[in-house]
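One structure below.
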Amino acid sequence: MSKKNRLTFFIFLALVLGVALGYYLNVQTFSTYNEQIAKADNRVKELDAQILKIQDTTAVSYAVLKTEKKATEKSRHETEVIREKKLEPLTLLSDIFLRLIKMIVAPLVFSTLVVGVAKVGDVKAVGRIGGKTMLWFLSASLLSLVLGLIMVNIFKPGLAMNLPLPPSNIDTGIHKVALSLKEFISHIVPKSMAEAMATNEILQIVVFSLFFGVATAAIGEKGKIIISFFDAVAHVILKVTGYVMNFAPFAVFGAMGAIVAKQGLSVLSTYALFIGEFYSTMLLLWIILIAIGFMILKSRVFNLMSRMKEPVILAFSTASSEAAYPKTMLQLERFGCKDKIVSFVLPLGYSFNLDGSMLYMTFASLFIAQSYGIHLSFEQQITMLLILMLTSKGIAGVPRASLVVIAGTIATFNIPEAGLALLIGIDPLLDMGRSATNVIGNSLATAVVSKWEGDLTEPLD
């Protein structure tokens, strides 16, 4: 078994063992905590219903109910803290791995992009590649959003929920962002490269790298020293990546063990319809993207997908596209994409081409509307699609980014934000599929742009 296949095997084995351990822990230990949390949730709902019936907020019964609700929420929170504490040995494994990956990503993007842009040479060539890249990104994003819109209208997964409209003051714990065009554009431009590197703001690093790379090419002979230096740095970082990737199976084991221990397999049965319909829609998106890739790359698209097995499994298991970034980059170069194209397209894709997240946004937003029996006209749905197209760009670094964007968008259409509570429990399960799809989308984008540029060579192995 080759080294590449051995790592893939261990990651898959860790995935299976993690699920098995998680299920055992859920049944043996965590079911008690989960039952207590579920009871507390039901009691809070009952108390909310009773509180809403009381017109006089100065009444003694109102104060009693409020006090009981506060005590129940406090008890629930304490139980959650104990549960999380017991999961720490498992979550620590995935946390360490993701921190190691974050340690690598910023210097890897900077060094490879500077070398890539400097090798491309002039601003015209950079602009040409950038134009082709953005054309693919915008087309793929639109395709993902439209597919999500069509399929959620066909499946109508929310109708089965049949929920009453909730009180408007319920806190979901997710703070929405209303990112204006001015804020988005100003956020792209870094005020400090050190700050952008420290916070892993990929888009800001890309902007600085573009300036630095173009300037390096412009100074001619002296620039070759810089190119050689950053080329060496990139190779060192890729070597570090190799060391870090050896820890991946442990991270996958910990991540899967923790999520199944906490959520249990019952979460799959409760939301089986929604999860099944969402994943089948995602599979359809994969088929469409690969079919488009086949039209451009011909049969080589299957070789590309074969190479992406490991990055996809890694992204799926850790629910992080970022975790798969170094491996995706390496496989694309081995596939035959020039490093200058890979180092340019891939980092941009992590901000502009999150196909899985795009699909989820329209699917989830309309699922919440359907759950409350809110009908949105065709015009409103198209408006929502266009708003999501804009607000979703450049928020890759935001925790639970998709939920944050959805929170900011559904409020515009008077859809209750409390509906996000329907998704919070299963969001980690859905995030796994989104992350894997993002890897597929970005690898195809890089290969297609390489082909368009006439820079796709024969595979290295």
Enumeration of residues in region 140-155 that are over 9 Å from D355 (Cα atoms) and open to solvent by less than 60 Å² (accessible area, probe 1.4 Å):
V146, L147, G148, L149, M151, V152, N153
Between P459, P428, which is open to solvent by 20 Å² or more (accessible area, probe 1.4 Å), more than 24 Å from M256 (Cβ to Cβ), modelled with pLDDT under 90 and in contact with a helix residue (DSSP H, G or I) (Cβ under 6 Å, 6 or more places away or on another chain)?
P459
So which residues in region 340-366 are surrounded by fewer than 24 Cβ atoms within 10 Å (Cβ to Cβ) and farther than 17 Å from I205 by Cβ?
none
Name the helices (runs of 4 or more DSSP H) wholly within region 202-299 that hold at least 1 residues that are modelled with pLDDT of 90 or more?
202-218, 223-245, 248-263, 272-297
Conditions (1) over 22 Å from the mean Cα position of the chain (by Cα); (2) surrounded by 14 or more Cβ atoms within 10 Å (Cβ to Cβ); (3) assigned to a helix (DSSP H, G or I) -> M197 fails only (1)
Matching entry among V105, V117, V81, V126 (being open to solvent by 50 Å² or more (accessible area, probe 1.4 Å) and in a helix (DSSP H, G or I)):
V81
Subset of region 431-456 that is open to solvent by less than 10 Å² (accessible area, probe 1.4 Å) and of a type in the set (G, A, S) - its residue that is nearest to the chain's Cα centre (by Cα):
S435
Can you tell me which of (1) at pLDDT below 85; (2) in a loop (DSSP other than H, G, I, E, B) is the one K191 doesn't meet?
(1)
Sort out which residues of region 45-57 are touching a residue at least 40 places away in the same chain (Cβ under 8 Å) and open to solvent by 50 Å² or more (accessible area, probe 1.4 Å), and write them in order of number.
L52
Could you give me the residue pairs with C-beta distances under 7 Å whose first residue belongs to region 18-44 and is more than 15 Å from R83 (Cα to Cα) and hydrophobic (A, V, I, L, M, F, W, C), whose second residue is in a helix (DSSP H, G or I) and open to solvent by 50 Å² or more (accessible area, probe 1.4 Å) wherever it lies, and which are 6+ apart or on separate chains?
V44/E73
Residues to consider are S320, S357, S343; find the one that is over 19 Å from the mean Cα position of the chain (by Cα), under 30 Å from R300 (Cα atoms) and of a type in the set (S, T, Y).
S343
Residues of region 315-325 classified as at pLDDT below 90 and not small (G, A, S), total:
2
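The values are calculated or read from the model by the stated rules, or taken from the named source; none is laboratory data. Just so it is clear, the structure is predicted and the values come from calculations on it, not from any experiment. In this analysis, Cβ positions are derived from the backbone assuming ideal geometry, glycine residues included, and neighbour counts consider all displayed protein chains. Remember, those area values only see protein heavy atoms, side chains included, never the ligands or the DNA or RNA. Shrake-Rupley method; radii C 1.70, N 1.55, O 1.52, S 1.80 Å.
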